[in-house]
Each structure stands twice: as structure tokens, then as C-alpha cells.
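This report refers to the structure that appears directly beneath it.
Read-outs: derived from the displayed coordinates by stated rules, not from any lab. The model shown is predicted, which means the values in this text are computed figures rather than measured ones. Every residue, glycine among them, receives a Cβ derived from its backbone with ideal geometry; neighbour counts consider all protein chains shown.
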Amino acid sequence: MTELFDFPKVDYVGGKKGLDFLDTKGYNYYNPDEEFTINGETKPMKDWLKFSVAYWHTMDQRLVDPFGEGTAVRPWDVDGVDDMEDMDHALAKVDYLFEFMDKLGLEYFAFHDRDLAPQGRTLAETNANLDKVVDKIEQKMKETGKKLLWNTSSLFTDKRFLAGGATTPFADVFAYSAAQIKHSLEIAKRLGSQSYVFWGGREGYESLLNTDTKRELDHIAAFFKMARDYAKEIGYTGQLLLEPKPKEPTDHQYDTDVQTTISFLQTYGLEKDFKLNIEGNHAYLAGHKYEHEARFAREAGLLGSLDANMGDKQTGWDIDEFPNDIYESSLVMYEFILNGGLPKGGLNFDAKVRRASFKPEDLFYAHMAGMDTYAAGFRVAMKMYEDGFLEKIKHDRYASFDKGIFADFENGEGSLKTFEDYILHKTNDEIFDKVESQHLEAIKATLNNYIYSVLGPTFN
Ligand code: XLS
Ligand code: NI
Ligand code: NI
């Protein structure tokens with residue numbers, strides 16, 4: 001078969017070919033077969049770090065921004081155009097995706113229904129177009145063993161969704177959304193998708209002045225219940241995931257951040273049925289660090305999957321940059337390890353190349369750099385986990401609660417009076433004597449040492 005991409009297969013070179021990425025064109029940290037043990041479970045790196053290509057960014061995005069037209073040059077373009085109204089063209093693109101994954105040695109992908117095929121005049125026609133592409137994807141998955149990390153429905157691109165999909169005030173649009181999700185869940189079941197994602201791009205409001213927020217939240221909660229019930233009915237066993245994001249495109253989105261989304265799930269009794277897909281850039285937009293979102297999801301037992309991308313402190317929108325920050329990836333991977341990995345989730349590159357990186361080879365470079373950033377972070381985090389470095393600090397910091405009335409308190413006993421009796425006659429100095437310096441600068445310096453000691457020797 002002729003090659004579709006003019007790019008060689010990418011291998012692990014492990015720092016042996018020098019520092020310049022453009023000379024080496026290999027993975028320095030992502031070594032698919034190297035084994036790692038977390039919590040007594042040993043698996044090769046590729047089964048821990050389930051990297052996924054996002055169809056919408058890699059196969060569809062033309063690299064437009066709010067001020068300029070698309071710059072992308074893609075091998076599937078005909079006369080410089082990606083003609084997604086044409087079914088033959090939509091089908092041809094599937095071959096590119098599978099060759100792309102094969103060359104990168106990456107096993108998963110993710111898509112929205114609307115990424116794959118053009119709309120028809122009715123939902124029935126639209127589904128028929130979609131099913132033709134899904135047939136081809138199913139066939140290719142069988143041939144290659146590649147897997148679907150997650151699929152989702154776009155309830156935000158078409159103009160009908162201008163005021164939401166599940167929270168729209170327009171009943172016919174709501175019905176359309178319900179029917180669209182039904183079909184997407186059927187595709188999830190058919191392709192064995194590991195997860196199914198709900199990102200509520202337009203589930204929020206532009207203005208409080210015209211929005212019945214309570215009614216909208218009741219609607220979306222009931223919508224999620226119908227989705228859960230239908231997934232059960234058809235025997236779909238993947239995880240159902242909500243993806244928090246505070247704003248953009250709307251002024252306010254209901255799934256603002258992890259803690260808000262958890263309280264929504266608990267309010268409506270959905271916390272046993274849904275987990276979360278956490279995205280780096282969304283964390284930034286919510287004013288959080290990525291590892292903060294991963295931490296709170298993990299502690300609630302709801303860390304389902306990760307959208308691996310980055311934001312930018314200077315740019316106020318979702319720029320979906322490919323990850324390149326090893327400090328951040330180390331801390332996110334630390335939460336990942338404490339979570340025991342992501343059994344039904346993975347690391348989806350919900351990320352696009354920069355407008356100035358418009359050539360096909362940049363799609364390869366970007367995924368390679370992203371995979372290496374997370375593989376490097378994983379290695380650093382594994383070393384911190386194995387040494388118990390951060391867990392020891394946390395254990396020691398709270399040690400005064402391990403005994404006496406304080407241990408009883410943690411077991412649900414004690415009253416304000418218990419503590420008054422204990423403390424009333426201690427002097428201020430006695431109390432401050434027990435308060436210890438946090439040595440945060442030293443902790444951060446040690447973290448830097450971990451990064452250096454794990455990654456530095458790669459290039460020696
Ligand atoms: C947009 C979201 C989107 C979801 C899937 O900001 O990240 O890409 O991941 O709909
Ligand atoms: Ni996003
Ligand atoms: Ni995302």
C-alpha cells in the first residue's frame with residue numbers, strides 16, 4: 001500500500017541520538033514496552049499511558065483563529081480544500097488517521113459525531129452519513145487493533161444549538177439533542193469505546209436576565225439520567241464522563257470546574273454513574289492548576305480520563321496547545337499514579353498545532369512532543385511515588401492528629417468542649433512551639449532535583 005504521509009515510523013531512541021529533536025525524530029522518554037509497577041500492578045508504558053489522537057484537531061482543524069483564516073496544509077486536501085461535504089472525502093480521511101496512529105505507535109483516538117461526516121437534511125440522513133464512516137472505522141479497528149478512547153456528540157457546532165443542547169429553551173432542539181446522544185451511545189457500544197464524554201460547550205448562559213437557571217439544570221440532569229439509562233439498556237459498559245470547563249463559548253458553563261461538577265452530580269444523585277474528563281486548558285480558564293483539577297477529581301473517586309493539553313497565561317481563550325511543560329506533566333502524572341492510572345480513560349491530545357506549524361509533519365512533531373512530555377512526567381512522578389517523597393511530607397505534616405483526642409476526633413468523636421478542656425490553659429508560646437515551618441522552597445527544590453535526576457541522565 002502506498003504511504004499517505006511522507007513521514008517515517010517513530011521509534012524510541014532514549015536520548016541516544018542527541019538533543020536536537022529535529023535530528024532525532026524519535027521518543028526520548030516514551031518507551032512503549034518498558035514495564036512499570038503501580039500498586040502491585042505491572043504493565044508496559046503503552047498500557048499505562050493510553051495516548052489518543054483527537055479527530056477534530058488533527059484531522060479537521062484548519063488552524064483558524066478569531067482573526068485569521070486557516071493555515072493548515074493537509075495531505076487529504078483536494079486543491080487546498082478539506083471538502084467535508086463530500087462523503088468519499090470523509091471516508092478517505094479515515095485511512096489517514098489509521099496510518100498516522102500506526103506511524104506514531106499510538107493506539108487510541110477520539111471523535112465527535114460531527115467530526116466524521118457531513119450533516120444531511122434530517123437527523124436520519126445525518127445518521128446515515130455518520131454510519132458509513134463508522135462502518136469504515138469499525139473495519140479498520142478490526143484490521144489494526146486500534147481502539148476508541150472515547151466518542152462524543154457535538155451539541156454546540158450547529159446553529160440550532162446557539163442556546164444549548166440539553167439546556168436549550170427550545171423543545172425541538174432538546175429533542176434533537178436527546179436523539180443525537182442516543183445514536184452516539186449506540187456508536188460507543190458498537191465500537192467498544194472505553195468512555196463516552198459530555199462536554200457542555202453551550203450548556204450555560206450568556207445572560208442571567210433571560211435564563212431560568214434552575215429549569216435548565218433540572219433539564220440537563222434529567223437528560224444525563226436518560227443517557228445513563230439508555231447506556232444501561234443497550235449494555236454499554238464504558239465510563240460516562242463530564243468534562244468541566246468554566247466558560248467559552250458561553251459566558252458561564254454549568255460544569256465550571258471539578259468541585260462545581262461534583263456538587264452538581266451529587267445534587268442530582270448522579271455521582272455513581274458519571275466520572276470526569278479533566279482538561280489542562282480548562283483548568284487554567286477556571287483559575288486552577290491542571291494538577292489541582294486532577295487532585296480533586298481523584299479524591300472524589302471520579303478521575304476518569306485526561307484531555308492532555310495546555311493553556312497560556314497571556315491568552316484568555318482555550319488555545320489547546322500540545323503539552324510541553326514537564327513540571328506540569330510530572331504533577332498531573334503524580335495524581336494519575338495515585339489514581340492507579342486510568343483503567344477506562346487515557347491521555348487524549350485535545351490539542352492543535354500552532355497556526356505557524358501548518359505542515360503535515362508538524363502533526364507528527366506535536367504528538368511526539370506531547371507523548372514525550374507526559375512520558376517524562378510519568379517517569380518523574382514514578383520516582384517520587386516509589387520514594388514516597390510527597391506522601392512522607394504529607395504524613396508528617398498531619399502527624400499530630402494521629403494520637404489521643406485528635407485521633408478520636410478523626411474517628412468522629414469529640415466536641416468543642418473536648419478541645420476547650422485540652423487547650424484552655426496552654427500559653428500562646430506553647431501552642432506556636434508546635435507549629436512547624438513548611439519549608440516549601442525546599443520541597444520545590446527537591447521536586448526540581450527529581451526532574452533533573454530522572455531526566456538528566458537520559459542524554460548523558
Ligand atoms: C472544548 C472541549 C472539547 C471536548 C470534546 O473546549 O475540550 O474539545 O473535549 O467535546
Ligand atoms: Ni477544551
Ligand atoms: Ni476537551
- Where does each of 165-172, 74-81 land if you order them by average Cβ count within 10 Å, highest first? 165-172, 74-81
- Message: Taking R0 as 30 Å, what FRET efficiency do you get between Arg215 and Lys132 from their Cβ-Cβ distance, rounded to the nearest 0.05?
- Response: 0.20
- Task: Please say if the range 64-200 is rounded, prolate or oblate, where rounded means a/c under 1.5 for a ≥ b ≥ c the square roots of the C-alpha gyration tensor eigenvalues, and otherwise the choice is prolate for a/b larger than b/c and oblate otherwise?
- Result: oblate
- With a ≥ b ≥ c from the Cα gyration tensor eigenvalues, square-rooted, and the rule rounded for a/c under 1.5, otherwise prolate when a/b > b/c and oblate otherwise, the range 222-367 is prolate
- Note on the structure: Looks like the range 106-181, by Cα gyration tensor root eigenvalues a ≥ b ≥ c and the a/c under 1.5 rounded cutoff (else prolate when a/b is bigger than b/c, oblate otherwise), is prolate
- Note on the structure: Diffusion coefficient in µm²/s returned for the range 310-460 by Stokes-Einstein, Kirkwood Rh over C-alpha pairs, 10 °C and 1.306 mPa s, is 82
- Query: Hey, quick one: spin label on Ala222, modelled 7 Å out along Cα-Cβ, who in the range 261-304 has an amide N within reach, i.e. under 15 Å?
  - Reply: 268
- Query: In deg cm²/dmol, rounded to 500, what helix-only [θ] at 222 nm does the chain give when every DSSP H run of at least 4 residues adds -39500 (n - 2.57) and the total is split over its residues?
  - Reply: -14000 deg cm²/dmol
- Query: Kirkwood hydrodynamic radius for the chain: how many Å is it when counted over pairs of different Cα atoms?
  - Reply: 24.0
- Message: Take Lys247 and Leu424, extend 7 Å from each Cα along the Cα→Cβ direction, and tell me the distance between the two endpoints in nm.
- Response: 5.1
- Going by C-beta contacts inside 10 Å, put Ile137, Ile337 in order with the fewest on the left. Ile337, Ile137
- Task: Would you mind putting 367-380, 9-22 in packing order, based on average other-beta-carbon counts within 10 Å, highest first?
- Result: 367-380, 9-22
- For Tyr422, Tyr205, Tyr196, what ranking results if the residue with the fewest other Cβ atoms within 10 Å of its Cβ goes first? Tyr422, Tyr205, Tyr196
- Query: Based on the mean of other beta carbon atoms within 10 Å per residue, what is the order of 107-118, 152-163, most packed first?
  - Reply: 107-118, 152-163
- Message: 7 Å from Cα along Cα→Cβ at both Asp408 and Lys159: what's the point-to-point distance in nm?
- Response: 7.1
- Task: Provide the gained length on full extension for the span Asp433 to Leu270, in nm with one decimal, where the gain is 0.36 nm per separating residue minus the Cα-Cα distance.
- Result: 54.1 nm
- Which links in Lys43/Lys147; Lys46/Lys394; Lys232/Lys352 stretch past 27 Å when you go from one Cα to the other? Lys46/Lys394; Lys232/Lys352
